[in-house]
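The values are calculated or read from the model by the stated rules, or taken from the named source; none is laboratory data. Remember, it's a predicted structure, so these values are computed and weren't measured experimentally. Cβ: placed from backbone, ideal geometry, glycine included. Neighbour counts: every protein chain shown. Only protein heavy atoms, including side chains, enter the accessible area calculation; ligands, DNA and RNA are left aside. Shrake-Rupley method; radii C 1.70, N 1.55, O 1.52, S 1.80 Å.
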Amino acid sequence: AAAPHTAAQQPFYTQLGLLLKQLEGITAGFNAAMAANGRPGRVAFEDVFAANFGDEVGDVQGHVELKRNPNMLREYTPPRHCSALIKVTAADLFVSHDTWSSFQSMRRMYKTYAFNTTVALSGYPGQIASQDDWYMTSNQLAVQETTNEFYNTSLYAAVVPGTVSEFLRVMIATNLATGGQEWTTLFATENSGTYNNQYTVVDMKLWAP
């Protein structure tokens, strides 16, 4: 059985529960819209979760393949999706994020979640995290990542069940954190070993011209 959560961990798990409820809401809303329009077919919670989990599937695949063949070379190449830049000048601080993708990704949308923390992000229909991984928060944090490939197959040992998916951990950290170290600590909690990228967090509160 899992160890009980400490008081310090409780905000993490409370936020996790709220995000799972958000996925349930997307499921219910989609099915209600289909029914209202007289269209057959329903989606399950697992379908919506899978759509949000998509960027992590490759690492699960790599983990399974490595267990089958411990001597394999890494064959899976993750999508090269983003680049990020932070530049400080004498008078300004630039935070830049670029998403590489195909034309079909023009369905991207700008989202704002106004809960206890307001989070602005670039995102996609039916997905609760950015997927581009670009966030601005009312706690004056700018969070972004750039995709890194890795070729050390021993890292697949970190892909284990009973953990929390990356797309959930990034939203937990982004909703709760008020500083860069806190964001990093939250994001590392219950690490699933999937979709490991180079995240950067800029705390605008600590910078002045």
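Would you mind counting up the charge near residue 95? Only other residues with Cβ under 15 Å from its Cβ, with Lys and Arg at +1 and Asp and Glu at -1.
Net local charge, residue 95 excluded: -4.
Please give the charge dipole size of the chain, origin at the Cα centre, charges +1 on K and R Cβ atoms and -1 on D and E Cβ atoms. Round to the nearest 20 debye.
360
Along the charge dipole of the chain, pointing to its positive end and built from +1/-1 on Cβ of Lys, Arg, Asp and Glu, which listed residue (15, 143, 198) has its Cα farthest out?
The one lying farthest along the dipole's positive direction is 15.
When only the heavy atoms of the protein chains count and the probe is 1.4 Å, how do 121, 20 rank by accessible area, highest first?
20, 121
State the volume of the convex hull built on the alpha-carbon positions of the stretch 64-209, expressed per residue in Å³ and rounded to an integer.
Residue-normalised Cα hull volume stands at 139 Å³.
Accessible area per residue of the stretch 168-209 at 1.4 Å probe, in Å²?
43
For the stretch 81-120, what is the accessible area per residue in Å² when the probe is 1.4 Å?
Result: 72 Å² of accessible area for each residue.
Could the peptides 138-144, 195-201 be put in order, highest first, of the mean number of other beta-carbon atoms found within 10 Å of their residues?
Going from most to least packed, we get 138-144, 195-201.
At a 1.4 Å probe, what is the % contribution of carbon and sulfur to the accessible area of the chain?
Exposed carbon and sulfur together represent 59 percent of the surface.
So how strong a dipole does the stretch 131-209 carry about its Cα centre when Lys and Arg Cβ are +1 and Asp and Glu Cβ are -1, to the nearest 20 debye?
160
What value, in deg cm²/dmol to 500, does the helix sum -39500 (n - 2.57) over DSSP H runs of n ≥ 4 give at 222 nm once divided by the residues of the chain?
Estimated from H runs of four or more residues: -10000 deg cm²/dmol.
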